[in-house]
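Some notes on the structure that comes next.
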Amino acid sequence: MGHEGQEIFLKDLLVFLFAAGVIVPAFRALRLPAVAGFLIAGVALGPHGLGTLEHLWQPLQYFTVSEPEAAEPFAELGVLFLLFLLGLEMSFEKLWDMKKVVFGAGGLQTILSAGAIGVTLWMFGISAQAAAVIGLALALSSTAIVMQVLTSDNRAATPTGRTALGVLLFQDVLVAPILIFVSFLSPENSVNIAQTVLRALFEGLIAITVIVITGRFILQRVFRMAAKAGGRDFLMALTLFTVIGAGVITGVAGLSVALGAFLAGLLLGETEFRHQTEVDLDPFKGLLLGIFFMTVGMGIDLMAIGDIALIVLGGLAGLIILKALVAWVACRLFAGPAPVATESALLLAPAGEFAFVVMTAAAAAGVLAPELTTPVTAIAGLSMLLIPLTSRMGQKLAGRMKAPEPTPLQNEDFSDREGHVIIAGFGRVGRTIARILSDNQADIVVLERGLNSVKTGRDEGWQVSYGDAARKEILEAAGASGASLFVVTVDDAVSAEHMVRAIRALRPNVPVFARARDAEHGKSLREAGATFVIPDAIEAGLQLAGRVLQEFGYATETVRDKIGAERDQEYRKAAGEDA
């Protein structure tokens, strides 16, 4: 029997790898997101898809997953890795800055959505208890799918990404109280609800305290010890132990295991091992999340849905519309402008994976009958399939919303901002720098002299102000006194030099990075006070030389080493360190 079970496991593993290596890339070639590809593959290759036809043609068993439940532990790891990596990119300071989004938008969206869904179901004749449980279950959104869609689109660090993450974090914390509430509704329950809630809050607080204290005072020392002992193998083992261990701690306390992984990521992100950990875990995260998305798809029984198609489709449309409206109001009030609220609302409108957890607990407690759990879980599963589509809709709608014409009088006041980066110039180079810094969670304020560039930047969600960075009052309004560094990207030599001198007059010791047209321009900028200068001509020559060497047949590593050495030499010359 053990041998037979092993064969089934290996066969299911091959089916998953086939989906990840062949089917999903084929969907990507058709411009379908990877998340949607895995979900569709799960529906097609699961026991409710091609699996229902095995009795007609036996070889189909080799193309379907026979035991989806065996993949659930790996799927859980995918969610843990996703939240852990998101935590790595955050910090406690930035998380504290998001408190308005977490508690304001998150709290309002969850409470209003649950209330609206529950009242609607009660008006249709469903009991108050059942309606309340279903409302709470469907009010939650999918942390795994939403954040993966945002990450794959490089939108996790944008205002929309931060808004969605804030709401999802609040929902993750709310899972434990919802499950306690469900157990209280059980006809066989005799536990005092006040004692249960207080105990859960106490255990949750202890769990979070243990993770934070361990991370603050022990984590960095242990990672350094592992690095000295043998490098990446030991670090990988320790990383896995940290992620899973933190998840176990919060899980035992009744909180979401994903919350524990997120906290572990926050703590490790404050150490020097952050970037190495991101590189090591990213491939595993993608594959394990693929398993998660496939298991979600495998849980959707299209045949059963067909019997109640009108109910499911009506409920699905009502859920998306209702939650989108509520989320838009919540995000608009607490998170940002209409385009951000629109994108966030359509990402959060579908249900999430915790809906299945809540519904299973409610069914086991006798709160919900099977005739209710079947359509509700079908609605939740189908709505999760639609997240990539609702995300695209949100982007298109947000793109059509016109921002007011920017003028100097409409500039936002950033004078009290701290720790941000000021970029002077929002052309091709400035945009590239802003995008890369934003992807790495930097706070950016842009100064631009072209009205069209200001308008375009604001429409895209950037903090762009109209003005000349060579003027003291413009720099002060952009928060020059608290900026961590400055980047000057304008291509006009005279303007760039004036900007550098103005910045240096305000902040004698702050780092100033500048773009130069050539070596002579670079010398002028250094004399004006620039800390580091990048001449365009040098980089263009190096890139072309590298391509020529590759064309001659040099290996990639050899080209990289040669160009790296030449780059160091050229920059030493440009800095006047080498004759």
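The values are calculated or read from the model by the stated rules, or taken from the named source; none is laboratory data. Here the structure is a predicted model, which means the values were calculated and not measured. Note: ideal-geometry Cβ built from the backbone for every residue, glycine included; neighbour counts use all protein chains shown.
Couple of notes before you dig in:
For every residue, the table says whether it meets (1) buried (at least 17 other Cβ atoms within 10 Å of the Cβ); (2) among the aromatic types (Phe, Trp, Tyr); (3) in contact (Cβ under 8 Å) with a residue 60 or more places away in the chain; (4) in a loop (DSSP other than H, G, I, E, B).
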position: PRO388; (1), (2), (3), (4): yes, no, yes, no
position: ARG392; (1), (2), (3), (4): no, no, no, no
position: ILE423; (1), (2), (3), (4): yes, no, yes, no
position: ILE433; (1), (2), (3), (4): yes, no, no, no
position: VAL446; (1), (2), (3), (4): yes, no, no, no
position: SER453; (1), (2), (3), (4): yes, no, no, no
position: ARG458; (1), (2), (3), (4): yes, no, no, no
position: GLY479; (1), (2), (3), (4): yes, no, yes, yes
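- Condition check for GLY265: small (Gly, Ala, Ser) and under 15 Å from VAL35 (Cα atoms): no
- Residue, nearest to the chain's Cα centre (by Cα), within the range 121-168, restricted to residues that are at pLDDT 85 or above and β-branched (Val, Ile, Thr): VAL146
- The residue that is farthest from ILE379 (Cα to Cα), among those in the range 134-160 that are in a helix (DSSP H, G or I) and in contact with an Asp or Glu (Cβ under 9 Å, 6 or more places away or on another chain), is PRO159.
- The set of residues from the range 517-530 being touching a residue at least 40 places away in the same chain (Cβ under 8 Å) and outside any helix (DSSP H, G or I) comprises just one member, ALA530.
- Condition check for SER438: among the hydroxyl-bearing types (Ser, Thr, Tyr), buried (at least 18 other Cβ atoms within 10 Å of the Cβ), out of contact with any helix residue (DSSP H, G or I) (no Cβ under 7 Å at 6 or more places or on another chain) and farther than 27 Å from ILE145 by Cβ: no
- Qualifying residue in the range 536-547 (condition: of a type in the set (A, V, I, L, M, F, W, C), in a helix (DSSP H, G or I), in the same structural domain as VAL421 (by TED's automatic domain parsing) and modelled with pLDDT of 75 or more): no
- Within the range 106-127, residues that are crowded, with 16+ Cβ neighbours inside 10 Å reach partners that are not in a helix (DSSP H, G or I) with beta carbons closer than 8 Å, at six or more positions or on different chains, in the pairs THR110/LEU140.
- Test: residue in the range 489-498 that is without any contact (Cβ under 8 Å) to a residue 12 or more places away in the chain and either in a loop (DSSP other than H, G, I, E, B) or not assigned by TED's automatic domain parsing to the domain that holds VAL446 (or both): yes
- Hits in the range 461-473 - residues which are crowded, with 21+ Cβ neighbours inside 10 Å and either part of a helix (DSSP H, G or I) or in contact with a Lys or Arg (Cβ under 7 Å, 6 or more places away or on another chain) (or both): VAL464
- Looking across the range 45-77, the residues that are closer than 25 Å to THR151 by Cβ and either surrounded by fewer than 17 Cβ atoms within 10 Å (Cβ to Cβ) or modelled with pLDDT under 70 (or both) come down to PRO68, ALA71, GLU72, PRO73, PHE74, ALA75.
- Just one residue in the set LEU325, LEU281, LEU288 is surrounded by fewer than 21 Cβ atoms within 10 Å (Cβ to Cβ) and either assigned by TED's automatic domain parsing to the domain that holds VAL146 or assigned to a helix (DSSP H, G or I) (or both); that residue is LEU325.
- Test: THR242 is closer than 30 Å to GLY21 by Cα, of a type in the set (Val, Ile, Thr) and either exposed (fewer than 15 other Cβ atoms within 10 Å of the Cβ) or over 18 Å from the mean Cα position of the chain (by Cα) (or both): yes
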